[in-house]
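Trainee: Take a look at the following structure, please.
The values are calculated or read from the model by the stated rules, or taken from the named source; none is laboratory data. All of these numbers come straight from a predicted model, not from anything done at the bench. Here the Cβ positions follow ideal geometry from the backbone for every residue, glycine too, while neighbour counts run over all protein chains shown.
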Amino acid sequence: MTPANPTPLWQPDADRIARAQITRFQAWAAERHGAPAEGGYAALHRWSVDELDTFWKAVTEWFDVRFSTPYTRVLGDRSMPGAQWFPGATLNYAEHALRASAARPDEPALLAVDETHEPRPVTWAELRRQVGSLAAELRALGVRPGDRVSAYVPNIPQAVVALLATTAVGGVWTSCAPDFGARSVLDRFQQVEPVVLFTVDGYRYGGKEHDRREIVAELRRELPTLRAVVHIPLLGTDTPEGALEWSDLTSADTEPVFEQVPFDHPLWVLYSSGTTGLPKAIVQSQGGILIEHLKQIGLHCDLGPEDRFFWYTSTGWMMWNFLVSGLLTGTTIVLYDGSPGHPDTGAQWRIAERTGATLFGTSAAYVMACRKAGVRPGRDHDLTRVRCVATTGSPLPPDGFSWLHDEVRDDLWIASVSGGTDVCSCFAGAVPTLPVYIGELQAPCLGTDLQSWDASGRPVVDEVGELVVTNPMPSMPIRFWNDPDGSRYHDSYFDMYPGVWRHGDWITVTSRGSVVIHGRSDSTLNRQGVRMGSADIYEAVERLPEIKESLVIGIEQPDGGYWMPLFVHLAPGAALDEDLVHRIKRTIREQLSPRHLPDEIIEVPGIPHTLTGKRIEVPVKRLLQGTPLEKAVNPGSIDDLDLLHFYEDLARKRA
């Protein structure tokens, strides 16, 4: 339960509230569109979901979205799935992403950083020139609107150029990070049949070079639809036979030509973790992403031309796509290619300092690793320019909030955000004008009718329920690839509550309007009818210095019983002795609930994750229930498949 009147950890001062773009937007929308002038964010949010059409029309006007042909109405069809946004309108995402090049040609659009931590700028004019050159070459190669263009590249400027050039010609972008193995990449790219593949010869990570030429050769063999392969010599190797050289395609001085496409024209394909079966190939639209990201980055993150936006991510995670959209608001984006902890755990703070980042985004796991390692960012780095530290990937535990407040700066806006690849955005998170409470996301986002529902579909407040969204969002998928009748899309989100998006997260919406995320609802621990999210257990247990990471699973037994093991991966030198077992149990009993004490505490060689770093609870649960490995999990989506054999053996022994 959340206490009724806790003290905020942080509150924006009057000056900050007045300067925030969301404050100016509210005053303008009150004058032009009937938004409430009083009542602050809560009133603006209520209006944004009650008057969905008017709100999104206001967003397009505020951000001066350029429709080359006008729309007939904002929402042609409201049904979910299948909402139809801005029918009749045509536009181009890349054109908007490069708009700042006219006013600020010599300012940096990109700051590229590798493990040397030396920022290399790419100006707006140079970015525009390279996109123009590459777009013309893609057209010459026969790339037409709707064709898929794929990339096996790290988080480097070439990836941004290739995405924008693809979008300029109306192609559909899709990318994987080069740490993905061949099978994982083919599970994704073979579904969408790309005509072009951008590749690197390798990448640098953790101070080492990783040669990927053999994997690239395998991708070329296994993707028969490819008409061209473009070689980016990150490690300086020669162009392989039959491939094109990156520098040859990007050297011309060509003004980009932007294909004007329908609002719902596909922009990119993202992939869900896909821990079972093939990854879901999620298609989002040029217009839907454009307006959702303008709202999210401009109003919620409060970013504009004076800002520098750094989020630690790879091209295999939706946060990379979100980061690139920082260009839409004229913001300089920071691309970091390398290990998050090289040469030491505090590396990301050094990059934030060196690049003058104003918004620094990272994972909750990184914050907790810094806390555990005794990193002192505020003492060791000049972070005065960092206004906001944002975290995602998993819920930021209360200790993470306190650590950021104490060790970075006490006047720090901490934004724990939560959304998903499925919408490439946030359902709840950053609001620059609201207080921050420990362990809570500030509020649901504008235009997002987020609620917490019980099993019978009733909204609940100050109680745990399913995260649902009851109105369409523009960035919801237009479809899944290879899902002709839409059944896989429907079953993924609309199965439990017809016509309502159920995300699969277990949340509390508080009476103050903030949101608490408890973990995935499909792996919820349910003991004697008392439900608890796994994240609550991890947060408590991983405070113990001996525990590196943990995984908790609740399994309904055939005899009606319930088996709840806690798997622990210990820190180097720690031992799972009686004392540690006793302290783990005491921690859970005192901080959470005596009902959720594990039946067994089992030491494991490691905790398996998806390639994007999420602990995999459901596949491990399936293994422990006796499902064979190949049916319980898609092997290409796991970071270390060998770890799963431990759980498989355990299931065999228990059987």
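Trainee: Of these, P484, P444, P474, which one is within 30 Å of D187 (Cα to Cα) and under 17 Å from the mean Cα position of the chain (by Cα)?
Mentor: P474
A quick yes/no check of all residues on (1) loosely packed, with under 14 Cβ neighbours inside 10 Å; (2) free of Cβ contacts under 8 Å to residues at least 40 places away in the same chain; (3) farther than 28 Å from I478 by Cβ; (4) under 27 Å from the mean Cα position of the chain (by Cα):
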position: P12; (1), (2), (3), (4): no, no, yes, yes
position: G34; (1), (2), (3), (4): yes, yes, yes, no
position: Y41; (1), (2), (3), (4): no, no, yes, yes
position: H45; (1), (2), (3), (4): no, no, no, yes
position: L52; (1), (2), (3), (4): no, no, no, yes
position: K57; (1), (2), (3), (4): no, yes, no, yes
position: P70; (1), (2), (3), (4): yes, yes, no, no
position: S79; (1), (2), (3), (4): yes, no, no, yes
position: W85; (1), (2), (3), (4): no, no, no, yes
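Trainee: Related question: Can you tell me which residue is farthest from T239 (Cα to Cα) among those in segment 176-213 that are part of a strand (DSSP E or B) and among the acidic types (D, E)? So that I can check it myself, show each step before the final result.
Mentor: We begin by selecting, within segment 176-213, every residue part of a strand (DSSP E or B); these are 176, 196-200, 202-205, 208-211.
Next cut, among the acidic types (D, E) only: 209, 211.
On the way: E209: 18, D211: 14 Å.
Result: E209.
Trainee: I would also like to ask the following. Checking the structure you have, find out if any residue of segment 568-579 is touching a His at 6+ places or on another chain (Cβ under 8 Å) and not in a loop (DSSP other than H, G, I, E, B).
Mentor: The answer is no; no qualifying residue exists.
Trainee: Give the residue, chosen from V468, V461, that is modelled with pLDDT of 95 or more, assigned by TED's automatic domain parsing to the domain that holds A281, within 20 Å of the chain's Cα centre (by Cα) and more than 29 Å from F360 (Cβ to Cβ).
Mentor: Checking each option against the conditions leaves just V468.
Trainee: Answer yes or no as to whether D505 is without any contact (Cβ under 8 Å) to a residue 12 or more places away in the chain and either in the same structural domain as L383 (by TED's automatic domain parsing) or among the aromatic types (F, W, Y) (or both).
Mentor: no
Trainee: Could you please tell me which pairs satisfy a Cβ distance under 9 Å, a separation of 6+ or placement on different chains, a first residue in segment 610-626 that is closer than 19 Å to A369 by Cβ, and a second residue that is in a helix (DSSP H, G or I) and of a type in the set (F, W, Y)?
Mentor: Pairs that qualify, where the first residue is closer than 19 Å to A369 by Cβ and the partner is in a helix (DSSP H, G or I) and of a type in the set (F, W, Y), are R615/Y538.
Trainee: Something else: For the condition in contact (Cβ under 8 Å) with a residue 24 or more places away in the chain, in the same structural domain as L98 (by TED's automatic domain parsing), surrounded by fewer than 21 Cβ atoms within 10 Å (Cβ to Cβ) and closer than 21 Å to L294 by Cβ, what is the one hit in G420, G378?
Mentor: Step by step, each of G420, G378 is checked, and only G420 is in contact (Cβ under 8 Å) with a residue 24 or more places away in the chain, in the same structural domain as L98 (by TED's automatic domain parsing), surrounded by fewer than 21 Cβ atoms within 10 Å (Cβ to Cβ) and closer than 21 Å to L294 by Cβ.
Trainee: Which of the residues spanning segment 596-632 are assigned to a loop (DSSP other than H, G, I, E, B) and more than 25 Å from A364 (Cα to Cα)?
Mentor: Once the filter is applied, which keeps residues that are assigned to a loop (DSSP other than H, G, I, E, B) and more than 25 Å from A364 (Cα to Cα), segment 596-632 yields D599, Q625, G626, T627, P628.
Trainee: D449: at pLDDT 95 or above and either over 29 Å from M476 (Cα atoms) or assigned by TED's automatic domain parsing to the domain that holds D462 (or both), yes or no?
Mentor: yes
Trainee: Please go through segment 102-135 and give me each residue that is assigned to a helix (DSSP H, G or I) and either crowded, with 19+ Cβ neighbours inside 10 Å or of a type in the set (D, E) (or both), ordered by number.
Mentor: W124, E126, L127, R128, R129, Q130, V131, G132, S133, L134, A135
Trainee: I need every pair where a residue in segment 586-600 that is under 16 Å from I553 (Cβ atoms) has its Cβ under 7 Å from the Cβ of a residue that is part of a loop (DSSP other than H, G, I, E, B) and modelled with pLDDT of 85 or more, sequence separation at least 6 or different chains.
Mentor: Qualifying pairs under 7 Å: I588/L597; P598/M564; D599/M564.
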